[in-house]
Amino acid sequence: MASKDRILRQKEETRNNILGAAYDIVKEEGWNGLSMRKIADRIEYTAPIIYEYFSNKEAILEELTGKGFIKLTKELQIAIDKFEKPEDQLEAMWMTYWDFAFTNTEMYQLMFGVQMTCCAQRCSAQEGPYKLFTQVIAEVMKDSNPSEDIIKQKYFTFFSVIHGLIAINIINKSDILETINAQILKDAIGGIIKSIQ
């Protein structure tokens, strides 16, 4: 039994090494620089071993997408837990979302298709952030007893503005633009929260 556990641990470790190597390559060379051969070279395995764990590059991208959404969900939950008022929670969540996008830029690009094809439509973990945001939005709006459709609409209002600003900053890197967008972000979050109270 112990050797079975050891084999499972080794397989999981190899799988994580492959994903880690893939992400390291992407940080250095961008998503277009990623290949199964480069991953194999990075972790000093043969390409056929990589294919034992992932059928192709898209399978690696899907796995990384899921990991990104899980990480974002955890960070959003931490932001929620810091505040009691739902309005404060919502502001903290969107600021955390913004920070996540620039701390994990390559991951964000993959998760949301900024300058590349995303894999989110095949990822169940993508529901995590959406559920947290809509729960808090519903709490902010509870006095008006909003329908699920209204809550969803408000979520997409936030998402459209914030994702748009993030995409602009990722595509057109500029210190001036980043400063302006940071202020626009705060104004937008504050304005939308006021509009749904």
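Here the scattering of the range 134-197 is modelled by Debye summation over its C-alpha atoms, one equal scatterer each and no solvent; at q = 0.16, 0.25 Å⁻¹ the log10 of I(q)/I(0) is -0.57, -0.99. Exposed loop sites are taken as GluC sites (Glu not before Pro) in a DSSP loop (any state but H, G, I, E or B) with at most 16 other beta carbon atoms within 10 Å; the longest stretch of the chain without one runs 85-197.
Taken over the range 47-98, the convex hull of the Cα atoms encloses 77 Å³ per residue. Per-residue ellipticity at 222 nm computed for the chain from its helices equals -26000 deg cm²/dmol, with DSSP H segments shorter than 4 residues left out and the rest contributing -39,500 (n - 2.57). Using the Cβ-Cβ distance between Ser55 and Glu148 with R0 = 45 Å, the FRET efficiency computed as 1/(1 + (r/R0)^6) comes to roughly 0.75. Pairs from the table (Lys74/Lys186; Lys71/Lys173; Lys11/Lys82; Lys142/Lys186; Lys4/Lys131; Lys11/Lys71) lying more than 30 angstrom apart at Cα are Lys11/Lys82; Lys4/Lys131. Volume per residue of the convex hull around the Cα atoms, evaluated for the range 1-135, comes out as 134 Å³.
A short reminder: the numbers here are calculations on the coordinates, not readings from a lab. In this text the structure is predicted, and so the values were computed from the model without any measurement. All Cβ positions, even for glycine, are placed from backbone atoms using ideal geometry, and neighbour counts span all protein chains on display.
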